[in-house]
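Chemist: Here you go, one structure.
The values are calculated or read from the model by the stated rules, or taken from the named source; none is laboratory data. Not measured: the values here are computed from a predicted model. Reconstructed Cβ throughout: ideal geometry from the backbone, glycine too, with neighbour counts over all protein chains shown. Note: accessible area is taken over every heavy atom of the protein model, side chains too, but ligands, DNA and RNA are not part of it. Shrake-Rupley method; radii C 1.70, N 1.55, O 1.52, S 1.80 Å.
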Amino acid sequence: QVQLAESGGGLVQAGGSLRLSCAASGSMFNSNFMGWYRQAPGKQRAMVAIITRDGTTTYADPVKGRFTISRDNARNTVYLQMNSLKPEDTAVYYCSKSLFGPWGQGTRVTVSS
């Protein structure tokens, strides 16, 4: 059974920081890719950042230089450190192995101006 548990979201002012965590089941975490995705109100879900099993990372242009994805293989956990947050980062954030899911419940991030 696939299990994903995202946490760490909340309300923050513009310029602030949050750290998201995603605890994944072993079968999910051993995928070649793990990533963070977000869905803003009225928009489609989009890739934020991806990390491979060996630690290679890829970022969407809007978050480059502000967000950092990392993973702890011993804990089957993926993190997303978000700095210099902007109102346009407001969304529900999900982790998964691809843009096609599967999905957990996500964690909501709201950035106020």
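Chemist: Pick out which of ARG38, ARG71, ARG19 has the largest mean-square fluctuation in a Gaussian network model of the chain, springs linking Cα atoms closer than 10 Å.
Modeler: Highest fluctuation among the options: ARG19.
Chemist: Still on this model: From the Cα gyration tensor of the chain, with a ≥ b ≥ c the square roots of its eigenvalues, which class applies: rounded if a/c is under 1.5, or else prolate if a/b is larger than b/c, or else oblate?
Modeler: prolate
Chemist: I want the antiparallel fraction of DSSP beta bridges within the chain, as a percent rounded to 5.
Modeler: 90
Chemist: If you don't mind, there's one more thing I want to ask. Where the accessible area of the chain is counted over protein heavy atoms with a 1.4 Å probe, how much of it, in %, is carbon and sulfur?
Modeler: 47
Chemist: Testing the spin-label approximation: label points 7 Å from Cα along Cα→Cβ at THR110 and THR52. State their distance in nm.
Modeler: According to this spin-label approximation, the distance is 3.9 nm.
Chemist: For the chain, report the accessible area per residue in Å² (1.4 Å probe, heavy atoms, rounded to an integer).
Modeler: 53
Chemist: Could you identify which residue out of LEU20, LEU11, LEU85 has the top mean-square fluctuation in a GNM of the chain using Cα springs shorter than 10 Å?
Modeler: Comparing LEU20, LEU11, LEU85 in a Gaussian network model of the chain, the most mobile one is LEU11.
Chemist: Could you work out [θ]222 nm for the chain from helices alone, using -39500 (n - 2.57) per DSSP H run of at least four and dividing by all its residues? Round to the nearest 500 deg cm²/dmol.
Modeler: The helix contribution divided over the chain gives -500 deg cm²/dmol.
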